[in-house]
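First the structure, in the form of C-alpha cells, and then the observations on it.
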Amino acid sequence: MVCMSFIFRFIKFIFKYILFTLFLGGLFYGYTLLPKRQKENAILTLRIEDSKLEDNQQQMLPFMKKGYSVEQLRQIIKSATRDPKIKGLVLELYGTQMGLGQVDELAKQLALFKAQKKPIFVFADTLGRECGTATAAYWLASYADEVYVSPMGTLNFSGFAMSRYFLKSLFDQYAIKGTTERRDEYKGMLDPYLFDEFSKPVRENITNVLEDIMNIIIAEVAKNRRISSEKVKELVNQCPLWGGTIAAKEKLIDGALYFDQDNPPEALKKLVKDTGAKFISAKNYPLYPQDKQKEKIAVIYLSGQIVRYTPGGTPFCQQPISDFWVQKLLNRAKNEKYKAVVLRVNSGGGDVIGSFNIHNSIQQFRRKKIPVVMSMGDVCASGGYLIATATDYTVAHPCTITGSIGVACIRPYLKDFSKKFNVNFDGIKVGGNSTFYDVTQEFTEAQKERFSQYVDFVYDEFLQKVSDARKIDKEKLRKDIAGGRIWSGQQAKELGLVDALGGLDMAVTKAADLAKVADYEVVVLPTGGIADIISEWQDTGMSSMLLSHMIVQFRTMTEQACRTTTKTEMSLQF
C-alpha cells in the first residue's frame, strides 16, 4: 500500500508538471503573437510541405502543430502583401497535397500580392507524381512570375484520374448480403457494394464534373503562363515531362533549377540587388500588425465527416464535424457578440441526423439577427450542402465539388457470411421490428418497405430544405439537379445552388455587408490556447476525469504484470 501511495503521488506530480509545461508553452506562444515589424527589406521564403491545410482548428495548441494550415498561409501572404519591407516572395513547393479549393484560395492571395508590383518565384523539386495533386500544385505554381523545377524533377500537369475499389464479387464469394436504398441513381456511394465497376450514370456524372474542372484550370494556366488554351490542352496530354528542358521550351516553366539563395536566377538576383533585400524564412517573419477593430467576424473551419456528438473527444487530435461542436462554437460567437459568422466547410457529408442537427443550429443562431455565410472549400456535398442551405449566403470556388443532393443507405445481413466460418447466430425477440438494426437477421418484406419509406422521408426533407432555401421548384430540383448528382462550383452557380464564385475573403466581405459593419477584424474560432483547452476539458469532463483515468490505467497495467489472462472476443461489424 505504501508503494502504491508513492506511485499515485508520483503520477500527480507528473500530471502537474505537464499542466505547468502547457501553461509555459501557452505564454510563449502568446509572446510570439505580440505586434512586431520587419525592420529591413526582405524577400520572404515560404516553404509549403506536410501542411494541415484545412482542419477544424480543434488541436488547441497551435505551437504543437506541424506545417502550416491554409489559414496561416493566407495570413502570411496577406501580411507580406501589406508590408512595405517585403519586396518579393519565394514559394518552395515540396510534396504538397493541396485540394483545388485550397489552391484557388491561395491563388487569390498571390494575385493581390502581385498587384502590389511584388514578384513571386516558385521552386519545386518536382510537380509531381500523383495526377490530381500534381495538377493542383502546378495550377498554384502558374500564378508565379517565374517557375523552376529541379533538373531531376517531373512536371505532371496531366489532369485527373480517379479509381475506386469495388466489392460486389468479394461479397458474392463470402455470401455478404444487404438491403440498399438510394435516391437516386447518381448517388455513387453504394456503387462499390452493388457493382464491379462504376454504374453508367455515376461514371457520366463524375466525368462531366472533372472535365468542367479541368477546363477551368486549363483556362487559368493559359492566362497565367500566356499560352493559348489549345496549346495547354496539348501539353496536358504530353505530361509527364521530366528534366525541365521540354517544359521550359513550351513555357510551362521558366527553367530547371534548385533554389539557391547564393546563386538565384537572374530576375531574383536583380531584385536582391535593386532593393538590398535579404532572404527571410516565413518562420522568422513577424506578421505585419493589424489595427484592432471594435467589431469582430468569426470564421469557423468545419472539415471531415459529419457525425452526431459522442463523448470522448480531446482537444489534442483532429475531430470530425460534430453537431455538438458546431452548436458550441455558434453559442460562443453569440455570447462574445460577433457581428457575423463565416463557415468554411470541407465535407462530403455524413450522418443524416447530425447534418440536420447542424442545419437546425444554424437556423436558430440566425434568429439572433447574426448573419451566417458559407464558404465552400474543396468539397461541400450531400450533408455538407444541406448545411449550406441553412445560411444567408453561399460562396463556392469554381472547382468546389458540391451538390450530391440525395440519400444512400445500406443495411447489411451477415448471417450467411458468418456460417462460412462455422459461426451461427440465433436470437430471441419481442416486438415485430425489434431486429430492424440487427445485422444477423434478414429483413422481412415489411421491414424492407419501411426501410424504403424512411429513405424516401429523408430524401423528401432534403429536397424541401434545398427548394425553400434556393427558391427552386421541388419537382424540377428532383428531376434535373438532385438525385445524387455532383456539380462543380461553376456549374452549381449556373444552376442556382450557390450565390457567388469566390473564396473566403469574399465570404467575409459579404458577411460584413449583411451585418452592416465597415470596420472589423476576422477571428478564427476557436482561437487556440489555454482558455480553449480548459473549455474543452470542461465540456468533455476531462478536467475531473483525466487524473483518475491515468491512475486507473496505471493500476490496470500493474495488475496485468502480476498475472496473465487470456480473453477472446469477436466483434462483427460492417
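The values are calculated or read from the model by the stated rules, or taken from the named source; none is laboratory data. Only a predicted model underlies this, so the values are computations on that prediction, with no experimental measurement involved. Cβ placement follows ideal geometry from the backbone for every residue including glycine, while neighbour counts extend to all protein chains displayed. Surface accessibility is based on the protein's heavy atoms, side chains included, excluding ligands, DNA and RNA. Shrake-Rupley method; radii C 1.70, N 1.55, O 1.52, S 1.80 Å.
Annotations for the structure displayed:
- A viscosity of 1.567 mPa s and a temperature of 4 °C, combined with the Kirkwood radius over Cα pairs in Stokes-Einstein, give a translational diffusion coefficient for segment 253-403 of 70 µm²/s.
- Sequence of Tyr258, Tyr520 when ordered by accessible area, the most exposed leading, probe 1.4 angstrom: Tyr258, Tyr520
- Within the accessible area of segment 186-339, the carbon and sulfur atoms contribute 49%, probe 1.4 Å, all protein chains present.
- J(HN,Hα) series, segment 133-146, from Karplus relation 6.51 cos²θ - 1.76 cosθ + 1.60, nearest Hz, glycine and proline x: 5, 5, 5, 5, 5, 5, 4, 5, 4, 5, 7, 7, 5, 9
- The Rg/Rh ratio of segment 425-527, with both radii computed over alpha carbons and Rh defined as the Kirkwood radius, is 1.22.
- Applying 0.36 nm per residue to the separation of Asp438 and Lys251 and subtracting their alpha-carbon distance, the gain on full extension is 61.2 nm.
- Accessible area per residue for segment 202-333 is 56 Å², calculated with a 1.4 Å probe on protein heavy atoms, without ligands, DNA or RNA.
- For segment 234-352, averaging the sequence separation of C-alpha pairs within contact (under 8 Å, six or more residues apart) and dividing by the residue count gives a relative contact order of 25 percent.
- Among Asp505, Asp145, the order of accessible area from largest down is Asp145, Asp505, computed with a 1.4 Å probe on protein heavy atoms.
- Between segment 119-174 and segment 67-83, the C-alpha centres lie 24 angstrom from each other.
- Heavy atoms of the protein chains alone define the surface here; on that basis segment 409-525 has 55 Å² accessible area per residue at 1.4 Å probe size.
- When a 1.4 Å probe is rolled over the protein heavy atoms, the share of accessible surface on segment 402-530 that falls to carbon and sulfur comes to 50 percent.
- Phi to ³J(HN,Hα) by Karplus 6.51 cos²θ - 1.76 cosθ + 1.60 over segment 224-239, Hz, x for Gly, Pro: 5, 9, 6, 10, 5, 4, 4, 5, 5, 4, 5, 5, 4, 6, 8, 5
- Rounded, prolate or oblate (a/c below 1.5 giving rounded, otherwise prolate when a/b exceeds b/c) for segment 144-247 by Cα gyration tensor: prolate
- 5 angstrom amide H check on Val299, placed H, neighbours 5+ away: Val342, Val523, Val524, Leu525
- Close amide-amide hydrogen proximity is noted between Ala381 and Ser347, Gly348, Gly349, each under 5 Å apart and 5 or more residues distant or on a separate chain (H modeled in the peptide plane; Pro and chain starts excluded).
- Debye log10 I(q)/I(0) for segment 339-378, one point scatterer per Cα, at q = 0.14, 0.35 Å⁻¹: -0.35, -1.12
- Rolling a 1.4 Å probe over the protein heavy atoms leaves Arg37 with an accessible area of roughly 140 Å².
- When the trypsin sites (Lys or Arg not before Pro) in segment 362-469 are filtered for DSSP coil states and for at most 13 other beta-carbon atoms within 10 Å of their beta-carbon, the remaining sites are Arg367, Lys368, Lys369, Lys420, Lys429.
- Short-range pairs are left out: with C-alpha atoms under 8 Å and at least six residues apart, the relative contact order of segment 106-163 is 41 percent.
- Under 18 Å from the Cα of Lys233 - lysines, other chains or at least 8 residues apart: Lys223, Lys249, Lys251
- Relative contact order for segment 97-233, counting Cα pairs under 8 Å that sit 6 or more residues apart, in percent: 20 percent
- Cα gyration tensor, segment 127-196 - rounded (a/c under 1.5), prolate or oblate: prolate
- Taking every protein chain into account, the 1.4 Å probe leaves Thr509 with about 80 Å² of accessible area, to the nearest ten.
- Computed with a 1.4 Å probe over protein heavy atoms only, the accessible surface of segment 131-182 comes to 41 Å² per residue.
- Ranked order, Val352, Val342 - accessible area, probe 1.4 Å, largest first: Val352, Val342
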